[in-house]
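Notes follow once the structure below has been shown.
The values are calculated or read from the model by the stated rules, or taken from the named source; none is laboratory data. Quantities reported herein were computed from a predicted structural model and do not represent experimental measurements. When we count neighbours, we look across all protein chains shown, and the Cβ atoms used for this are built from the backbone with ideal geometry, even at glycine. Side chains are part of the model used for accessible areas, which takes the heavy atoms of the whole protein and leaves out ligands, DNA and RNA. Shrake-Rupley method; radii C 1.70, N 1.55, O 1.52, S 1.80 Å.
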Amino acid sequence: MEAVKAPRGTRDILGDESWKWAYVTQMCRNVADDYGYREVHLPIFEHTELFCRGVGETTDVVEKEMYTFTDKGGRSITLRPELTASMVRSYLENEMNKGTQPAKLWSIGPMFRYERPQKGRYRQFVQLDIEALGAQDAFVDLEVIDFSMELYRRLGLSNLQVVLNSVGCPKCRPVYRKALQEYLRPRFDELCDSCKSRFDRNPLRILDCKSPICKEITEGAPSVMDHLCDECKEHFEQLQRGLDKIGAVVKHDKRLVRGLDYYTKTAYEILSGDLGSQNAVCGGGRYDNLAEAIGGPHVPGVGFASGIERVILTMEAQGCSFGRKPENKVYVVAAEPDARLDAMNLMRTLRMNRISADMDYMGRAMKGQMKTAGASAEYACILGMSEVERGVVTLKDLKEGVQEELTVEQIVNKLK
């Protein structure tokens with residue numbers, strides 16, 4: 001019988017790598033604390049209509065990538081493909097509008113999208129999500145962008161750059177849509193099949209197409225910046241002044257439109273890396289109409305999402321530090337079988353004093369235990385019946401090769 005394996009597009013994150021994830025997650029938590037964002041834990045699955053109405057019926061996420069099923073009660077349920085819609089749903093359902101605004105929230109956890117697996121992209125992936133809900137001030141956009149920049153700065157990423165655009169609002173976007181369609185119409189037949197289907201439903205997405213032909217066709221397309229209403233223009237200019245004030249490196253890109261329908265006004269990405277080999281480590285923007293799309297009142301919001309897989313790959317490529325790799329401080333060695341119980345009690349005492357410790361459970365001889373100790377710990381605590389009778393333990397520094405006899409209390413004081 002063939003052994004069962006993990007589904008395609010998923011993977012196991014094992015101990016040799018998981019400590020890096022813990023490091024990045026803790027850094028996210030530290031920055032969130034400093035910026036006043038509070039962690040929330042949201043359901044991994046939601047009613048399908050939340051994403052259909054919130055993310056958009058015509059998006060690739062809803063049309064092609066969602067994991068949707070009917071539960072035993074006949075309800076259509078979807079594993080979350082992103083977190084923003086869930087954040088807004090939680091804000092509305094839990095009446096966060098009654099508290100201090102904006103509500104500053106963050107979360108991290110698995111998302112699910114059915115797409116072709118590739119390096120750094122999986123069907124189950126982990127995403128950091130930061131949202132500020134309830135305020136439309138451009139300075140909130142600035143804070144969110146600054147949050148992302150500060151996170152990646154602390155993680156050690158190099159050459160951080162903000163790629164910025166505006167996607168307008170329901171007042172001015174229809175004007176731009178019409179101008180874009182008029183520009184594209186003469187070359188409609190040359191567009192790829194996906195962009196042909198987007199032409200009427202979501203023409204802005206054509207600007208984001210990776211097809212070389214579509215990129216060439218849209219090279220001279222009109223810019224959304226020339227079609228913004230006064231409100232969107234002022235919002236963008238205020239944000240730009242703020243980014244200049246904090247010294248952010250900014251690049252304007254008319255192709256940056258984001259893939260989800262709920263975005264309004266600000267759209268941005270953060271790139272990191274040397275010129276020519278840059279990586280997008282996060283994407284986000286403003287979504288003032290999302291709450292209304294899912295049946296709530298008008299609630300302005302802005303945030304960003306960052307795939308942890310991509311961040312870790314970028315950090316590894318740039319040689320960033322993940323802190324110190326966890327290892328046992330002490331390996332307790334039972335020099336003879338009769339000393340195993342005392343060795344286990346010693347190990348427990350060390351652990352109770354917050355000193356990481358382990359010991360042999362395979363019945364190895366002392367030589368085998370010392371070999372394991374040398375590969376996995378800084379110190380060996382060697383305990384035979386002679387040491388037990390005298391109330392001492394032989395403590396050996398495995399890096400320096402120096403050893404001494406100490407009491408348990410002396411060892412604890414030395415290693416804490």
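Checking M149 against (1) open to solvent by less than 40 Å² (accessible area, probe 1.4 Å); (2) not in a helix (DSSP H, G or I), only one condition comes out false. Which one?
So M149 meets the others, but not (2).
Does the range 166-184 contain any residue that is outside any helix (DSSP H, G or I), under 19 Å from the mean Cα position of the chain (by Cα), surrounded by 14 or more Cβ atoms within 10 Å (Cβ to Cβ) and not polar (S, T, N, Q)? Quick ask: steps written out before the conclusion?
Going residue by residue through the range 166-184, those that are outside any helix (DSSP H, G or I) are 166-172.
Filter once more, keeping what is under 19 Å from the mean Cα position of the chain (by Cα): none.
No, there is no match, as no residue in the range 166-184 is outside any helix (DSSP H, G or I), under 19 Å from the mean Cα position of the chain (by Cα), surrounded by 14 or more Cβ atoms within 10 Å (Cβ to Cβ) and not polar (S, T, N, Q).
Does Q161 satisfy being surrounded by 17 or more Cβ atoms within 10 Å (Cβ to Cβ), among the polar types (S, T, N, Q) and under 19 Å from N289 (Cβ atoms)?
Here the answer is no, as Q161 does not meet what is asked.
Could you please give the count of residues in the range 302-317 that are among the hydrophobic types (A, V, I, L, M, F, W, C) and not in a helix (DSSP H, G or I)?
So the first thing to find is which residues in the range 302-317 are among the hydrophobic types (A, V, I, L, M, F, W, C), and the list is 302, 304-305, 308, 311-313, 315, 317.
The next check asks that each one be not in a helix (DSSP H, G or I); those that pass are 302, 304-305.
Selection size over the range 302-317: 3.
Please work out if C320 is open to solvent by less than 30 Å² (accessible area, probe 1.4 Å) and in a helix (DSSP H, G or I).
Working: open to solvent by less than 30 Å² (accessible area, probe 1.4 Å): yes; in a helix (DSSP H, G or I): no.
No: the conditions fail for C320.
Take the residues in the range 330-348 that are of a type outside the set (A, V, I, L, M) and surrounded by fewer than 16 Cβ atoms within 10 Å (Cβ to Cβ), then tell me which one is farthest from Y152 (Cα to Cα). If you could, list the steps in order and put the result at the bottom.
As a first pass, look at the range 330-348 and keep what is of a type outside the set (A, V, I, L, M): 331, 336-338, 340, 342, 345, 348.
Cutting the leftovers down to surrounded by fewer than 16 Cβ atoms within 10 Å (Cβ to Cβ) gives us 336-338, 345, 348.
Details: E336: 51, P337: 51, D338: 53, N345: 44, R348: 39 Å.
Filtering the range 330-348 for residues that are of a type outside the set (A, V, I, L, M) and surrounded by fewer than 16 Cβ atoms within 10 Å (Cβ to Cβ), the one farthest from Y152 (Cα to Cα) comes out as D338.
Here's a check for you: in the range 365-403, which residue that is over 17 Å from K329 (Cβ atoms) and basic (K, R) is surrounded by the fewest Cβ atoms within 10 Å (Cβ to Cβ)?
The extreme case among them is K367.
Just give me the residues in the range 107-141 being touching a residue at least 24 places away in the same chain (Cβ under 8 Å), more than 20 Å from the chain's Cα centre (by Cα) and in a loop (DSSP other than H, G, I, E, B), in sequence order. Steps first, please.
Filtering the range 107-141 for residues touching a residue at least 24 places away in the same chain (Cβ under 8 Å) gives 107-115, 117, 119-136, 138-141.
Subset that is more than 20 Å from the chain's Cα centre (by Cα): 134-136, 138-140.
Across the range 107-141, the qualifying residues are G134, A135, Q136.
Could you tell me which residue of the range 1-35 is surrounded by the most Cβ atoms within 10 Å (Cβ to Cβ), considering only residues that are of a type in the set (D, E) and over 18 Å from the mean Cα position of the chain (by Cα)?
So the first thing to find is which residues in the range 1-35 are of a type in the set (D, E), and the list is 2, 12, 16-17, 33-34.
From the residues that got through so far, the ones that are over 18 Å from the mean Cα position of the chain (by Cα) too are 2, 16.
On the way: E2: 4, D16: 8.
My answer is D16.
Write out, first by first residue and then by second, each pair whose Cβ atoms fall under 9 Å of each other, whose residues are 6+ apart or on separate chains, and whose first residue, in the range 347-366, is under 15 Å from Y379 (Cβ atoms) while the second is open to solvent by 100 Å² or more (accessible area, probe 1.4 Å) and hydroxyl-bearing (S, T, Y).
That search, which allows pairs on different chains as well, returns nothing.
Restricting attention to the range 220-239, and to residues there that are part of a helix (DSSP H, G or I) and open to solvent by less than 30 Å² (accessible area, probe 1.4 Å), which single residue is farthest from R177 (Cα to Cα)? Spell out how you get there, then give the answer.
Residues of the range 220-239 part of a helix (DSSP H, G or I): 220, 224-227, 230-239.
Keeping just the survivors that are open to solvent by less than 30 Å² (accessible area, probe 1.4 Å) gives 224, 232, 235-236, 239.
Working: V224: 9, C232: 16, H235: 20, F236: 19, L239: 24 Å.
Residue satisfying both the conditions and the ranking: L239.
Checking I308 against (1) touching a Phe, Trp or Tyr at 6+ places or on another chain (Cβ under 8 Å); (2) within 30 Å of L204 (Cα to Cα); (3) open to solvent by 10 Å² or more (accessible area, probe 1.4 Å), which test does it fail?
Failed condition: (3).
Could you tell me whether the range 44-51 includes any residue that is touching a Phe, Trp or Tyr at 6+ places or on another chain (Cβ under 9 Å) and buried (at least 19 other Cβ atoms within 10 Å of the Cβ)?
No, every residue in the range 44-51 fails to be touching a Phe, Trp or Tyr at 6+ places or on another chain (Cβ under 9 Å) and buried (at least 19 other Cβ atoms within 10 Å of the Cβ).
Quick one: E93 ticks every box in (1) at pLDDT 95 or above; (2) open to solvent by less than 40 Å² (accessible area, probe 1.4 Å); (3) acidic (D, E) except a single one, so which number is it?
(2)
A85: free of Cβ contacts under 8 Å to residues at least 40 places away in the same chain, surrounded by 15 or more Cβ atoms within 10 Å (Cβ to Cβ) and among the small types (G, A, S), yes or no? Lay out the reasoning, then the answer.
On the way: free of Cβ contacts under 8 Å to residues at least 40 places away in the same chain: no; surrounded by 15 or more Cβ atoms within 10 Å (Cβ to Cβ): yes; among the small types (G, A, S): yes.
It is false that A85 is free of Cβ contacts under 8 Å to residues at least 40 places away in the same chain, surrounded by 15 or more Cβ atoms within 10 Å (Cβ to Cβ) and among the small types (G, A, S).
Can K215 be described as within 20 Å of A267 (Cα to Cα) and not in a helix (DSSP H, G or I)? Explain how you work it out, then say what you get.
Numbers: within 20 Å of A267 (Cα to Cα): yes; not in a helix (DSSP H, G or I): no.
Considered against the rule, which asks whether it is within 20 Å of A267 (Cα to Cα) and not in a helix (DSSP H, G or I), K215 comes out as no.
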